[in-house]
Structures are given as structure tokens and as C-alpha cells.
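This report concerns only the one structure given below.
Bear in mind these aren't lab numbers, they're just calculated from the coordinates by the rules spelled out. All values derive from a computational prediction rather than experimental measurement. Positions of Cβ are backbone-derived with ideal geometry, glycine not excepted, and every protein chain shown enters the neighbour counts.
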Amino acid sequence: MNIAELQIQAYNKRDLEIFLDFYSEDFKAYMLESGQKITDGREQLAQIMTDSFGKFKDARSKVLESVVQGDLIVQKEENHGHIPGKVVTSLTIYEVKDDKIRIMWFGGRTVE
């Protein structure tokens, strides 16, 4: 199992401490299509995830496909519980350095 899959397991268990341990201190996240920065640093990620865990108590993610090449991981992920009665599917690209997720890009989002 790769680091991106492991952080999804921690997400699904709502274990914030383990979840955050997969990320570097200087972690950044971006929207793939626009390049907009949505997270800057692990501290900001902690606040976002604390809020998310409180607001979306039934949210779960599932990896549909995963490709690892060098320090990049590309995953097709399915998310439940953010939009009532809907499934959100997206592509997430992870850049890993020193066994930590350093950069993440989200894109290709569909809602069904």
C-alpha cells in the first residue's frame, strides 16, 4: 500500500494525528485546472481537516485506481458524504519526498 492510500485509511478512520503524519511541514495543495493554491502548510491542513471531520461526519474516500511512478502517485478517488446523495470522483496527484506528501493537486472532479 502506498502513502496516499495509507493517508486515505487514516482519513476514513478520522484519525487526525496519523493523517497529518503523512504530510510534510511545508505541504501545499492546488486545484489542477486553475493552479489555485488551496492549502499552504501542514498547520493549515490540520485546521481544514478538523473542520471537515466536524462538518462531514459520514464522509469517506475510496481509491479506485492508483499508479506510482518515482515520487509521484496518481489516484482516481471516490468520495462519499460531502454532498448528500452524491458521489464525487476526482483525480489526485501526490508528490512524495522523504516519505511525506509534499504537494497535492486535485482535478477532474465529477459529481453523480
Subset of the stretch 46-66 (residues that are within 15 Å of PHE106 (Cα to Cα) and either touching a Leu at 6+ places or on another chain (Cβ under 7 Å) or β-branched (Val, Ile, Thr) (or both)): VAL63
Every residue in the stretch 1-42 that is without any contact (Cβ under 8 Å) to a residue 12 or more places away in the chain, over 18 Å from PHE106 (Cβ atoms) and not polar (S, T, N, Q), please. MET1, LYS13, ASP15, GLU17, ILE18, ASP21
What residue, of GLY70, GLY54, GLY41, is exposed (fewer than 13 other Cβ atoms within 10 Å of the Cβ) and on the phi > 0 side of the Ramachandran plot? GLY70
State whether one or more residues within the stretch 101-112 are polar (S, T, N, Q) and surrounded by 16 or more Cβ atoms within 10 Å (Cβ to Cβ). no
